[in-house]
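Notes for the one structure printed next.
The values are calculated or read from the model by the stated rules, or taken from the named source; none is laboratory data. Everything quoted here is computed from the prediction, not taken from an experiment. Here the Cβ positions follow ideal geometry from the backbone for every residue, glycine too, while neighbour counts run over all protein chains shown. Only protein heavy atoms, including side chains, enter the accessible area calculation; ligands, DNA and RNA are left aside. Shrake-Rupley method; radii C 1.70, N 1.55, O 1.52, S 1.80 Å.
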Amino acid sequence: MPELPEVETVRRGLEKLILGKKIASLEIRYPKMIKTDLDQFQKELPGQVVKSMGRRGKYLLFYLTDKVLISHLRMEGKYFYYPDQVPERKHAHVLIHFEDGGTLVYEDVRKFGTMELLAPELLEAYFLSKKLGPEPTEQDFDLEIFRGALKKSKKPIKSHLLDQTLVAGLGNIYVNEVLWRAKVHPASPSQSLTRAEATAIHEQTIEVLGQAVEKGGSTIRTYTNAFGEDGTMQDFHQVYDKTGEACSCCGAIIEKIQLGGRGTHFCPKCQRRK
DNA sequence: GAGGGAACCTGTTTGC
DNA sequence: TGCAAACAGGTTCCCT
């Protein structure tokens, strides 16, 4: 499910719901999703207080008293908070009970999501090891570094943008939108892009993700935020899942191809193949 | 080392 | 209608 805007929306929601709460106990029903030592995870979380909520790319960060819980929602992970009674749910995999009686439940139909518990001083090395690119903001996302990296790669630009090394946070929905807005064909080799095209992709990445955060993310299939509310960004999608519809820019019919094994939507007229 | 595809899971949609 | 195959928003591993 979630790309950066959805994760940011979840972060903001949780910030309102669980800040300052002390963890009383844990229930782990699907131990496989805990990627660091399970015993340690179960032993060290109780007693920790949620100090703040953070995010890096698509990773959700729970800053606790002296640990950081790193949660990745992958395709369909989501959080629900219950102030008292917790309904029985088939796909609830981790339940965090707080001392005040509230419970945070992690649900994930496809069980792809992961959780890790780390010492805060190891966080930087953790993201370094993942080769995670900069945040998609004017301050962090440097155009010249981006262009330099493109020049060194033959990868199709769409696959390259999805691998999180150029910039963090793009997923299959927004990468389609960014390339449509930048008028670049998704299969174009990275190194074939002109300066103007690279600049347009850089600019639209910041623009699209920023706009999507404002709209509370996109609700497609199953995503909702921590309050179970829908985002509205899907109303602004121009190509994603628009196969067979007319391009809002030129009227040509939006096409779908497979690229790197994933559905890829584009306008054959606006986004000419090189 | 770079790039492509499979694997991880389950539910839903599509096609015969 | 019923069944099987394809597909779904992410990341990582393995193979070439």
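Brief remarks on what is shown
- For segment A:98-177, the ratio of Cα radius of gyration to the globular rule of thumb 2.2 N^0.38 Å stands at 1.46.
- Globularity ratio of segment A:1-118, using Cα Rg and 2.2 N^0.38 Å: 0.95
- Accessible surface, per residue, of chain A when the full set of protein chains is kept, probe 1.4 Å, Å²: 46 Å²
- Per-atom-type breakdown for segment A:1-122 gives carbon and sulfur 48% of the accessible area (1.4 Å probe, protein chains only).
- The convex hull of the Cα atoms of segment A:157-200, projected and averaged over all directions, covers 2.8 nm².
- Taking only alpha carbon atoms, segment A:62-202 gives an Rg to Rh ratio of 1.09, where Rh is the Kirkwood radius.
- Fraction of beta bridges assigned by DSSP in segment A:30-121 that are antiparallel (%, nearest 5): 95 percent
- Rounded to the nearest 10 square angstrom, A:ASP140 shows an accessible area of 80 square angstrom against a 1.4 Å probe.
- Segment A:61-158: GluC sites (Glu not before Pro) falling in loop per DSSP and having at most 14 other Cβ within 10 Å: A:GLU88, A:GLU99, A:GLU138
- Measuring with a 1.4 angstrom probe and ignoring ligands and nucleic acids, A:LEU17 comes out at about 40 Å² accessible.
- Directionally averaged projected area (convex hull, Cα atoms, segment A:150-274), nm²: 7.6 nm²
- Counting all C-alpha pairs of chain A, share separated by more than 27 Å (%): 42 percent
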